[in-house]
Amino acid sequence: MNWKSEILAARNRIAGYAQVTPVMESRALGLDYPVEMKLEHLQHTGSFKARGAFNTLLSLDVPKAGVVAASGGNHGAAAAYAAQTLGYPAKIFVPELAGPSKIALIEQTGADLSVVPGEYANALTEAQAHEEATGAMQIHAYDAPATVAGQGTCFAEWQAQGLQADTVLVAVGGGGLISGALAWLQGARKVVAVEPETSCALNAALQAGETVDVTVSGIAANALGARRIGSICFGLAQGMTSVLVTDEAIAQAQKVLWRAHRVLVEPAGAAALAALLSGVYRPEPDERVAVLICGGNISPDPLNR
């Protein structure tokens, strides 16, 4: 597949639907080097997921039964928002661990929402059953070409905004976002995969030489909690650098972002930065680094009083 052309087509397709999110450079994070950041948590519904959702709905024929999606929360909200914007019915399945903030966000779109016991994999099973029973179109959270091309627009956009970094750190759940990064950058810049120690499907697959199931837990599990890495991601990720961070490091990165810049993000949104702050990824003296801030749907909602 010619990923560059697919991502450029997706960028044209979703223009006017997805936000162009801002970038900044920070020297206030307690590091002895600057960090470029793209604030993708300011995207519609609070995460990068809207890019892939809009690209899917705008590039494929949607049946009368509408769309269905399984999600840890962010993808469900994005799919529901995109469907609402474009006038399609949406059925969303999320696990209980999605949490009240993300569940409420999906409910606000007017989508038909089902909360199921367990984790993301359980929600995906329910969504696949709904797809088979009704003929609804599945918007996969990460392992579909239209999703990956949509997420790749984030990095095409960032490059157009003047990305200077030699290395980009990206948080990984099922792999849609980092697939977009790898598909667009294609070795022009180093891409580092960052996962929680307790939800590390890509790292486990790279270690095993094949996709494998992992157990999922921890503070970022409702966004980075895929049990098995997507096949597209596994294919693109061969030979890349993969690092793991602790829940404590993620929580500390959340605090640093808030204290330094009043940027409030969910654990997944701080995971990539946690790799720098905790030292599990140490750049070379002349290596310029950048971090994608991927999600802002913190739970509980700090303003829901």
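Things to note:
- Gain on full extension, evaluated as 0.36 nm per residue between SER231 and ASN12 minus their Cα-Cα distance, stands at 76.2 nm.
- Partner lysines for LYS190 [C-alpha distance under 22 Å; skip if fewer than 8 residues away on the same chain]: LYS4, LYS38
- Computed from the C-beta positions of TYR33 and GLN186, the FRET efficiency with R₀ = 25 Å rounds to 0.50.
- 35 Å tail of the calculated P(r), the chain, as % of Cα pairs: 11
- If R0 equals 41 Å, the separation of the Cβ atoms of ASP301 and ASN2 corresponds to a calculated FRET efficiency of about 0.50.
- Evaluated on the range 49-138, the Kirkwood hydrodynamic radius is 12.5 Å, with distances taken between all distinct Cα atoms.
- The range 153-305: C-alpha gyration tensor shape, a/c 1.5 cut-off, then a/b vs b/c: oblate
- Residue exposure proxy: PHE155, PHE234, ordered by other Cβ atoms within 10 angstrom of their Cβ from fewest to most, comes out as PHE234, PHE155.
- Residue-count net charge about ASP213 - beta-carbon cut-off 13 Å; Lys, Arg +1, Asp, Glu -1: 0
- Taking other C-beta atoms within 10 angstrom as a stand-in for reagent exposure, ARG51, ARG259, ARG13 fall in the order ARG259, ARG13, ARG51, fewest first.
- Each of GLU287, GLU126 was scored by other Cβ atoms within 10 Å of its Cβ. Arranged with the fewest first, they read GLU287, GLU126.
- Computed from Cα positions, the angle between helix 74-86 and the longest principal axis of the chain comes to roughly 50 degrees.
- Note on HIS261 and ALA133: their simple-model spin labels are 4.4 nm apart, each label 7 Å out from Cα toward Cβ.
A short reminder: the numbers here are calculations on the coordinates, not readings from a lab. Here the structure is a predicted model, which means the values were calculated and not measured. Reconstructed Cβ throughout: ideal geometry from the backbone, glycine too, with neighbour counts over all protein chains shown.
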